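Participant: Below is the structure I would like to discuss, written out as C-alpha cells.
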Amino acid sequence: MLTFNEMGLSPNLLKGIDELGFKKPTTIQQEVIPIFFETDNDIVGLAQTGTGKTAAFGLPIIEQIDLQDKSVQALILAPTRELCIQISKDLQSFSKHINGLQVVPIYGGASIETQIRALKKGTHIIAATPGRMLDLIKRKVANISYIRTVVLDEADEMLNMGFRDELDAILERTPDKKRTLLFSATMPKEVARIAKNYMDSPVEIVVGKQNAGAENVRHIYYQVHARDRYLALKRIADINPYIYGIVFCRTRMETKEVADKLIKDGYNADALHGDLSQAQRDSVMKRFRSKSLQMLVATDVAARGIDVDDISHVINYNLPAELDIYTHRSGRTGRADKSGISIAIVNYREITKIPTIEKIINKRFEKLLVPSGAEICKKQLFKLIDKMENVEVDEAQIAPFMDTVNKKLEWLSKEQIIKHFVSLEFNRFLDYYKNAPDLNEKAESRGGKSGKRDKRDGGARAERGNKRDRGAYTRFYINIGKKDGMNPRNLIGMVNEYTKNRDIDIGEIDLKDSFSFFEVEEKHRDKVLKSLNNKDHKGRTIRIDIAEEKDARRKKGKRKKGTKSQKRRAKK
Ligand code: ADP
Ligand code: MG
C-alpha cells in the first residue's frame, strides 16, 4: 500500500493534507491517484459517499496545475451548490501551502456578477453546478477550451436532478484531448451513457465492500402502519436520547410537516429544504454542524451537500422513490471509520422493497420492534440519572444555599428525595407513554374479509390523538363492487396507481355487490377524486364521489345535490 508520500505528491501538497490529519490514503485514493499520474486513462470510480473521492481527484489535479498558466485547467462538476463549495474548500485546504493556486466555486441561486468577477480575475480550477456553468460558458465568461481534466462528481445525482442536457452541452464544449473522471455511487443507464459517449475506454474502479462507511453501518427497519410513522419517529428519537441524525423525507411539504411537529413536541429539530432562503439554509446547517441541532429533517436534494462526520443515525421517514437513493442516505452515517445506524420506517407495502435495497447495499436489514413505552422510559431514566451523576457541582457557589435547602428537605428520606427528583424531570415521559400502544404493524392488520383497520385499545387513540389530530378520513362512494371483481387489495392498488402515490392511507373499506365505500385520508381527498374519476376498471368507467352519509346514495338512489364534488364538476 502506497503512502501519500510514495505517490509522488509534492512537499507543499503533503504538508496541506498532513495538517488535515490525513494519515494514509483511502481505498479510492489508493486506486485513482497512481492511475492519474502514471497513465492518461479516463477513470470511472464507483464509490459511495464518505470514501474520500474529493482528495482522490483533487490531489492529482492540484499536482498537475501549471501555476504560470492563467487559463482554467480543471473543471469539476457536482450536483449542488453545497457540494461545489465543499469541493472548493477542500481543494483550497489541500493546496494551502501552494502559493497562487486559485479555485473558484460556481453555482446557481447566487449573484452571477460576483462569480463573473471571480472568473475574470483568473482561476486554475472551477467547481461548478452544471446549470450555472453552462450559462457562464454561453456568456463567454468561462472558457473551458484549455482544460486538461474534467471531473463529474456524483454523476448519478447530477442526472437524477435533471442536469442531463447541461452535462451534454458542457462536455461537447470541452477539448478533445483531456482526461475525464466520473464518480458515482451507482451505475444506472444514464450514467453508463455519459461514460460511453464522452469517455475513452475508462479504467473502472469499484470501491464496494471495502467502503469503510458501509461496513460500519447497521441497517434496521421498523414496520408500522403508514399513519403511525410520526409516532414511530418520536419513539426512535426517545430511545436514542443522544441521537445526532438526519431524517429524510420525500417532499418539501413532508419535511416541513415532520419538522414542525417535532419542534412542537419539544424535540431539538429543524427542517432543511429547497423552499428556504440560502441564508436560512446556512443558518440551519450551521446549527446542525455545531451540534446545537440534534435532528435535521431534510429532503434528499437539500441534504446532498451535508458532510458531517459523526452522524449517529440516518432515518428514512419514507423509503426514497428511487431505491438507489437509499445508499446516498445511509452513506451520511458511518463516515470516517465511525459506526452508524440507518433506519427505515416502513409500512406493509414498502416492506416488499427491503430485499431490493439489501441487494443494492449488499447487506441485510435487521427487523426491530418499535420500542415500547416502558423501554423508552427506562432509557430516558438512565439518561437522566447519568446526567445527574456527571453534573459538575460548583461547591463554592452553592454552599451558601445548602443549609436552607437541607432544612427544607429534612422531612424526606434519601429514597424519597430520589423519587421526587426523578419524577420532576421524568413525568413528561411517564405521562406520555402511559398506556402507549404497540405501534408494530401486524402482518394481518389489513385486507381481512371486511378490510377494516385493526381495532386497537384506547391507549392507541390517546397517543394518536383524536381523529382530527391524525388527519381525518373522507368516505368515498365508488361505482365498482364485488361483482366487478373488486377486493380490498385491488382497491388499494387502484388508488395507488391512479394517484401515482403509494403512500395514501386508506381506512375502512366496505364492499357491496355493485358499488363500494372506502375511506381515504382527508388531505388526499381532491387528488383521489380527480385521479380516479372517469378512469377505466376492466372496461367500466369509474365514478367516484364523496359519500356524505353512510349509504346515503343507495337509499336515495341518486346523487345528493350540492356536494362539494358536484360543484367542482359544474364549474368545468
Ligand atoms: P466523498 O466525496 O467520497 O463522499 P469526501 O471526499 O467528502 O468523500 O471525504 C469524506 C471525509 O473523509 C471528509 O471529511 C474527508 O476530509 C475525509 N478524508 C478523505 N480522505 C481522507 C484520508 N486519506 N484520511 C482521513 N480522512 C480522509
Ligand atoms: Mg464527494
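Participant: Every residue in the stretch 336-353 that is hydroxyl-bearing (S, T, Y), open to solvent by 10 Å² or more (accessible area, probe 1.4 Å) and in contact (Cβ under 8 Å) with a residue 12 or more places away in the chain, please. Steps first, please.
Facilitator: As a first pass, look at the stretch 336-353 and keep what is hydroxyl-bearing (S, T, Y): 339, 342, 348, 352.
Those still in the list that are open to solvent by 10 Å² or more (accessible area, probe 1.4 Å) too: 339, 348, 352.
Result: S339, Y348.
Participant: Counting only residues that are part of a helix (DSSP H, G or I) and away from ligand 2 (no atom under 16 Å from the Cβ), how many does the stretch 165-194 have?
Facilitator: So the count comes out to 13.
Participant: Might you let me know whether the stretch 66-79 holds any residue that is open to solvent by 10 Å² or more (accessible area, probe 1.4 Å) and either within 16 Å of ligand 1 (Cβ to nearest atom) or not assigned by TED's automatic domain parsing to the domain that holds K138 (or both)?
Facilitator: Kept after step one, since they are open to solvent by 10 Å² or more (accessible area, probe 1.4 Å), are these residues of the stretch 66-79: 66-72.
In the following step, the residues that additionally are either within 16 Å of ligand 1 (Cβ to nearest atom) or not assigned by TED's automatic domain parsing to the domain that holds K138 (or both) were identified as none.
There is no residue in the stretch 66-79 that is open to solvent by 10 Å² or more (accessible area, probe 1.4 Å) and either within 16 Å of ligand 1 (Cβ to nearest atom) or not assigned by TED's automatic domain parsing to the domain that holds K138 (or both).
Participant: Identify, from the list T333, T327, T356, the residue that is open to solvent by 60 Å² or more (accessible area, probe 1.4 Å) and out of contact with any Cys (no Cβ under 8 Å at 6 or more places or on another chain).
Facilitator: Being open to solvent by 60 Å² or more (accessible area, probe 1.4 Å) and out of contact with any Cys (no Cβ under 8 Å at 6 or more places or on another chain) holds for just one of T333, T327, T356, which is T356.
Participant: Show me the strands (runs of 3 or more DSSP E) found entirely inside the stretch 35-131 where at least 1 residues are under 30 Å from I361 (Cα atoms) and within 16 Å of ligand 2 (Cβ to nearest atom).
Facilitator: 43-47, 74-77, 125-128
Participant: Condition test on G162, is it closer than 25 Å to T327 by Cβ and in a loop (DSSP other than H, G, I, E, B)?
Facilitator: yes
Participant: So which strands (runs of 3 or more DSSP E) are wholly in the stretch 480-552 and hold at least 2 residues that are touching a strand residue (DSSP E or B) at 6+ places or on another chain (Cβ under 8 Å) and of a type in the set (F, W, Y)? Outline the logic, then answer.
Facilitator: On the way: elements: 506-511, 516-521, 544-546.
Ranges flagged: 516-521.
Participant: Among E215, E204, which is under 30 Å from I354 (Cβ atoms), within 16 Å of ligand 1 (Cβ to nearest atom) and either open to solvent by 10 Å² or more (accessible area, probe 1.4 Å) or modelled with pLDDT under 90 (or both)?
Facilitator: E215
Participant: So, one more: Among the residues of the stretch 362-373, write down those that are touching a strand residue (DSSP E or B) at 6+ places or on another chain (Cβ under 9 Å) and open to solvent by 30 Å² or more (accessible area, probe 1.4 Å).
Facilitator: Of everything in the stretch 362-373, those that are touching a strand residue (DSSP E or B) at 6+ places or on another chain (Cβ under 9 Å) and open to solvent by 30 Å² or more (accessible area, probe 1.4 Å) turn out to be K363, R364, E366, K367, L368, L369.
Participant: Inspect the stretch 183-190 for any residue being modelled with pLDDT of 90 or more and outside the structural domain of D310 (by TED's automatic domain parsing) and give the result as yes or no.
Facilitator: yes
Participant: Filter the stretch 376-429 for residues that are among the acidic types (D, E), out of contact with any Leu (no Cβ under 8 Å at 6 or more places or on another chain) and open to solvent by 100 Å² or more (accessible area, probe 1.4 Å) and give the result.
Facilitator: Across the stretch 376-429, the qualifying residues are E389, E392, E395, D403, E410, E415.
Participant: Failed condition for I87, given (1) near ligand 1 (Cβ under 10 Å from one of its atoms); (2) β-branched (V, I, T); (3) more than 22 Å from E154 (Cα to Cα), with all others met?
Facilitator: Here I87 clears every test but (3).
Participant: Take L171 and tell me if it is within 16 Å of ligand 1 (Cβ to nearest atom) and closer than 30 Å to Y326 by Cα.
Facilitator: no
The values are calculated or read from the model by the stated rules, or taken from the named source; none is laboratory data. Please read all numbers here as calculations on a predicted model, not as lab measurements. Heads up, the Cβs are rebuilt from the backbone with ideal geometry, glycines too, and the neighbour counts pull from every protein chain shown. Quick note on the areas: whole protein, heavy atoms, side chains included, nothing else; ligands and nucleic acids left out. Shrake-Rupley method; radii C 1.70, N 1.55, O 1.52, S 1.80 Å.
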